[in-house]
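Worksheet: the structure to be examined is printed underneath.
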Amino acid sequence: MSDTTLHAHADEHPPHHPFLQHHFEDLGQQHEASTLGMWMFLTTEILFFGGVLCAYWIYRVMYPAAWAEAASLQNWQMGAINTIVLIISSLTMALAVRASQLGQRMGTVVMLVLTLLFGGIFLGVKGYEYSVHFHEGLFPGAQTFTWHENPALAPQVQLFMAFYFTMTGLHAIHMVIGAGLLLWFIRRAWRGDFGPEYYAPVEIMGLYWHFVDIVWIFLFPFLYLIHSAGGHHG
Amino acid sequence: MADISVTEHHHSDHAPTHHVTPLWQYLLVFFALAVGTVLTVVASRFDLGMWNTPIALFIATVKATLVILFFMHVIHSTRLTWVVVIGSFLWLGVLFVLTFADYLTRSWSLY
C-alpha cells in the first residue's frame, strides 16, 4: 500500500536538476531567492563600510589640512593603476557570468581565471604600497614618523593613516576572500556545474566581486586625491 | 489533474529571466568606468575651490551606479531586489545624515 503511493508520488515529478534544492519549486525561484539573499548580505556590507566611511568624513571635516597633506603622501599613480585593474577584473567577472549563461564552459573558466589574475595584481600593487609606507615609517604608532614641514600636523596625519590601513585593509581582506571563492568557482566551472539553467552561483559571485569594486571606486578619491584648500599641494 | 496544472502555472511564474547582456553593453560600461577614473584624477589636479570634493563624490557615485545597474544586473532584476538595493542606500543615507546633523552643528551657538 505504502509502496504504491510512493511510486505514484514519484511519477508525478519529472526528474529535476541536480542542483535544485528540495525547498524550491524550480531553478527560477531558487535563482531569485539567492539573488535577493545576496543583496540582503550586501546591505549589511554597505552599512559596514559605511560606518568606517562616516568616521573618516567626521575627521576629514575636522582636520581638512592634515587630510590633504596625508593624501598627497600617497602614490596616486599606484591607486589609479589599481582602480583600472579592478575595473578590468569586474569586466571579466561580468563576462564570466555571461559565458555561464550561454553555456560556454571554457569561456567561464577563462574569464574566472582572468578575474583571479587581475585581483592578484591588485593585491600585489597594494602590498607594494604597504611596504613603502612601512619603510617610510608612515603608519600609526610609528616612532620614526615626523612631519618636517609641519610637525603640528604629524598626529593628524597618523590618524589619516589609521583610516587608510583600516579601509584598504578591510577592502583587501574582502579581495582575498573573493580570490579564495574564485579558486573554488574555477574548479566548479571546469567540472561543468554551470550552464544556461544553473548559473546563479556565478551571478552571486559576481555580485560580491562588483561590490568590492564599488568600495574601491570610493576609496580611491577619498584616500589618494584630496585637493588641499590652500591649493599649493596639487 | 487540476492540481498539476496549477503547479505548472506556478512554475512559469518563476521561470528564470535569462537576460543575457550583449557584449557591447559590458564593454561600454567598462569604457565609461575607465573614463570616470581618468576624470577623477584630472579633476583633482585643478583647484576648483569648494567644488573638488562634490565633483569627486559625483563621479564615484555615477561609476558605482553603472556597476550596480549593469554589471550587477539590477536593471533586469525583480522589483523586490530593487527595494532591497534602494533600501540599503536609504539606510546608508540615514547613517550619514543623522551623524552629520550632530557633528556639523556642534560649533553652532544658539545664544
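Every read-out reported here was derived from the displayed coordinates using simple, explicitly stated rules and does not represent laboratory data. Not measured: the values here are computed from a predicted model. Heads up, the Cβs are rebuilt from the backbone with ideal geometry, glycines too, and the neighbour counts pull from every protein chain shown.
Could you please report the charge total around A:Gly180, scoring K, R as +1 and D, E as -1 over all other residues with beta-carbon less than 14 angstrom from its beta-carbon?
Net charge in that neighbourhood comes out at +2.
Evaluate peptide A:100-106: per residue, the Cβ atoms of other protein chains within 10 Å of its Cβ; return the mean as an integer.
Mean shielding count: 1.
Tell me, which longest segment in chain A has none of the GluC sites (Glu not before Pro) that fall in DSSP loops with at most 16 further Cβ atoms within 10 Å?
For GluC sites (Glu not before Pro) (loop position, at most 16 other Cβ atoms within 10 Å), the longest site-free span of chain A is A:26-135.
So if I place +1 on the C-beta of Lys and Arg and -1 on the C-beta of Asp and Glu, and nothing else carries charge, what would the dipole magnitude of the protein assembly as shown be about its Cα centre? I want it in debye, nearest 20.
1140 debye
Just tell me how shielded A:90-96 is by partners: mean number of partner chain Cβ atoms within 10 Å of each residue's Cβ, no decimals.
Average neighbour count from other chains, rounded to a whole number: 5.
As I understand it, the value is the acute angle between the Cα axis of helix A:154-191 and the longest principal axis of the Cα atoms of chain A; what does it come to in degrees, rounded to 10?
20 degrees
Output needed: percent of Cα pairs per 5 Å distance bin for the range A:27-224, bins running from 0 to the one holding the longest distance.
Spelled out per bin, shortest first, that is 1, 7, 15, 17, 16, 13, 10, 8, 6, 4, 2, 1, 0.
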